[in-house]
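The values are calculated or read from the model by the stated rules, or taken from the named source; none is laboratory data. The model shown is predicted, which means the values in this text are computed figures rather than measured ones. Cβ: placed from backbone, ideal geometry, glycine included. Neighbour counts: every protein chain shown. Surface accessibility is based on the protein's heavy atoms, side chains included, excluding ligands, DNA and RNA. Shrake-Rupley method; radii C 1.70, N 1.55, O 1.52, S 1.80 Å.
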Amino acid sequence: MVSQASSPSLLEALSSDFLACKICLEQLRAPKTLPCLHTYCQDCLAQLAEGGHLRCPECRETVPVPPAGVAAFKTNFFVNGLLDLVRARAGGDLRAGKPACALCPLMGGTSAGGPATARCLDCADDLCQACADGHRCTRQTHTHRVVDLVGYRAGWYDEEARERQAAQCPQHPGEALRFLCQPCSQLLCRECRLDPHLDHPCMPLAEAVRARRPGLEELLAGVDKNLAELEAARMVEKEALAQLREQAARVGTQVEEAAEGVLRALLAQKKEVLVQLRAHVEAAEEAARERLGELESREQVARAAAAFARRVLSLGREAEILSLEGAIAQRLRQLQDCPWMPGPVPCLLPQLELYPGLLDKNCHLLWLSFEKQQPQKDSGKDGAGRQGGEETENQREDEAKTERQSGAQPQSKGGAQTPKEDRAQMPQEDGAQTPKVERAQTPKEDRAQTPQEDVEAQTQRGSRSNKKRKFKGRFKSVSREPSPAPGPNLEGSGLLPRPIFSCSFPTRMPGDKRSPRITGLCPFGPREILVADEQNRALKRFSLNGDYKGTVPVPEGCSPCSVAALQGAVAFSAGARLYLISPDGEVQWRRALSLSQASHAVAAMPSGDRVAVSVSGHVEVYNMEGSLATRFIPGGKANRGLRALVFLTTSPQGNFVGSDWQQNSVVVCDGLGQVIGEYGGPGLHGCQPGSVSVDKKGYIFLTLREVNKVVILDPKGSLLGDFLTAYHGLEKPRVTTIVDGRYLVVSLSNGTIHIFRVRSPDS
């Protein structure tokens, strides 16, 4: 039973690095075991000892050095026994390259002994054929186990040799350890027992093991229980981290939606105020034009009458003046008595009034609150837990309502203050009204609610709903450096495309020997992606839901780097070669590439019948037959020189988009190599540009691995802003691709894939 239980572990111990010192990386010599149960060479420990202490290189635990030095640490007899077994299997004395007999020199034979063909497991000696036959015929050794030396060296008899192996006393060479001194807890041979431990109660080793094994097994069971608890705690931590990342992505989406809602409401208010201002000015201008027309008509009549009277008085004869006196006097009196100037008309001048909080630099429309994650309760307490949870949620809603009525912002759980405790009072969310603008009274002052006001109300309700959702956990310390503000060339309302989290899944499969290293992604059929795992030398297929669909076979020894799917074929680079294979793995052709570049990016042309590859700063395009269709240098030789296009993709318009590590920029060029646009500004945060992808509208998604971001550029290469950040669960993003023109697939350095749906501004 012992042999069966120990067989796998013995084989593992003999074939693994269990017998190697973790300090010198050589086979253990004079192994000494520290109290933390880590074993090292005695000489290596002596080099680490300093000031009466040493620190374990593996667990970093500080261990006091005994007064007698590191030699006083426990000798690891278990490791010594395994080392003896390994040395015996490797061979002892050699003659002409063959093991020699250990008994022939003792019986007067040749000094070196005859060639050994057998081994006694009890004596641990190599024997020639004659000595082996005689070894079985003596009274003292006829029970010894003599086995074939070739089989012994092959490991066939490791278990038997291990069972018959005896630990040797370090003070008395040749004497096996047989007893345990109970008061001293020290292993003794027969010589040790006769001298200093003669009066001490001693037990044979087998009896001592039987007496002490239950206690050790009980302790081991307790440690196994602790290990199970640690494993469960580790899984809980992983789940909490995954939940944190998922919630962070959700909150990031909520922040984007809330900000866009506020922006839409603000733009709607702007439009409404401008419409009201325009209507007021038009009405005032119309009234002023009517009054001006009336005044001009009266002025014209008065001027004509005055001119006629002035001509009569200056040019008329006495009889003529007197004959017209009555008519002129009557007309002039009539004009004098007429109200020439109308009464003063009040002019209503428009004035803009802003809500006071908007002018306060401490005003925050968005903030985060943090809540401790509640531990999961068992099923017997589900009812009570739900009831308590509902009561707690109701209490939080009541508190939030009270705070809104009092005009104060809510505080985060645990007494943590909001970003600015003394900021200005926020608008009341229940029944809040937009700032009023003084204007001329409209025909219907108490009109029904306008569509813009509906948008405002929806935004306020969404804001209240978002505030009830508490963010769980704590943020990991990552880069929070903002990108520059979006440029003026945004379309429509100026809003960027935004991500909607879809799913996340790992790419490591049961047959993988190493952790995945994803170096390439590309669409592969409807709602499917092809993943280039360079570490495991595989092209893996996954659906957008994370379902594993198998692999595309690659030639033996190939480690796919970059990959692209064509019409009925797959192109990928591996080392300094470009391959085109069928979906079932048949190689159609291969082409040698430059050895001066570590990796070669490939991309499928929009037509699907050609593949482009970056080679030492230029781009080569091959057709399906493997012939070179075209070759160009971005920007030409004269004005730009060779460029290191590490990541390459093509846009729906047939343009090339690449990351230039030499110039530290993103370059967009047409099919002839003419540069259309280039960006290398502060939006890259000083990082080397990474993977690039282009959606169906031409937006460019650029990966910045060092700052955990994916930024977005317009089709001409101008930076628009951040698309994904660490709040969306990005941790060292590596490669991206666009599937179906609207799904952004992002691979992380740990082999995980995140999928986001790209929501356009006009959707």
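Rounded, prolate or oblate: which fits region 275-322, taking a ≥ b ≥ c as square roots of the Cα gyration tensor eigenvalues, rounded meaning a/c under 1.5, else prolate when a/b beats b/c? The shape class here is prolate.
Going by average Cβ neighbours within 10 Å, how do the peptides 607-614, 70-77, 289-296, 706-713 rank, with the highest at the top? Before the final figure, lay out each step's value.
On the way: 607-614: 20.1, 70-77: 16.2, 289-296: 10.6, 706-713: 22.5.
Highest-to-lowest ranking by the protection proxy: 706-713, 607-614, 70-77, 289-296.
Charge dipole of region 193-259 (Cα centre as origin; +1 on each Lys and Arg Cβ, -1 on each Asp and Glu Cβ, all else neutral): 180 debye, rounded to the nearest 20.
Mind listing which GluC sites (Glu not before Pro) in region 515-588 are in a DSSP loop and have 16 or fewer other Cβ atoms within 10 Å?
Working: sites: Glu528, Glu534, Glu556, Glu586; in loops: Glu534, Glu556, Glu586.
When the GluC sites (Glu not before Pro) of region 515-588 are filtered for loop state and at most 16 Cβ neighbours within 10 Å, Glu556, Glu586 remain.
Residues in region 320-334 carry Karplus couplings, in order, of 5, 5, 5, 5, 9, 4, x, 5, 5, 4, 4, 5, 5, 4, 4 Hz; the curve used is 6.51 cos²θ - 1.76 cosθ + 1.60 with θ = phi - 60°, and Gly or Pro positions show x. Net charge near Met203: determine it from the other residues with C-beta under 12 Å of the C-beta of Met203, scoring Lys and Arg +1 and Asp and Glu -1. Residues near Met203 contribute +3 overall.
Just to verify a number: FRET efficiency for Arg631 and Trp661, C-beta to C-beta distance, R0 = 22 Å, to 0.05?
After rounding, the FRET efficiency stands at 0.60.
List the pairs from Lys361/Lys732; Lys696/Lys716; Lys74/Lys225 whose alpha-carbon separation is above 25 Å, in the order I gave them.
Numbers: Lys361/Lys732 34 Å; Lys696/Lys716 14 Å; Lys74/Lys225 27 Å.
With Cα atoms farther than 25 Å apart: Lys361/Lys732; Lys74/Lys225.
Taken along the Cα-to-beta-carbon direction at a fixed 7 Å, the label points for Leu220 and Arg153 span 3.5 nm.
In plain terms, the chain from Lys271 to Leu354 could stretch by 28.4 nm, reckoned as 0.36 nm per residue minus the Cα-Cα distance.
Taking the charge dipole of region 498-759 about its Cα centre, with +1 at Lys and Arg Cβ atoms and -1 at Asp and Glu Cβ atoms, the residue from Gly680, Gly698, Ser659 reaching farthest to the positive side is Gly680. What region 495-584 shows is 41 Å² of accessible area per residue, with the surface traced by a 1.4 Å probe over protein heavy atoms. Annotation: average projected area of region 498-759 is 12.5 square nanometres, based on the convex hull of Cα atoms across all directions.
Within the assembled protein chains, the solvent-accessible surface assigned to His172 is about 60 Å², based on a 1.4 Å probe.
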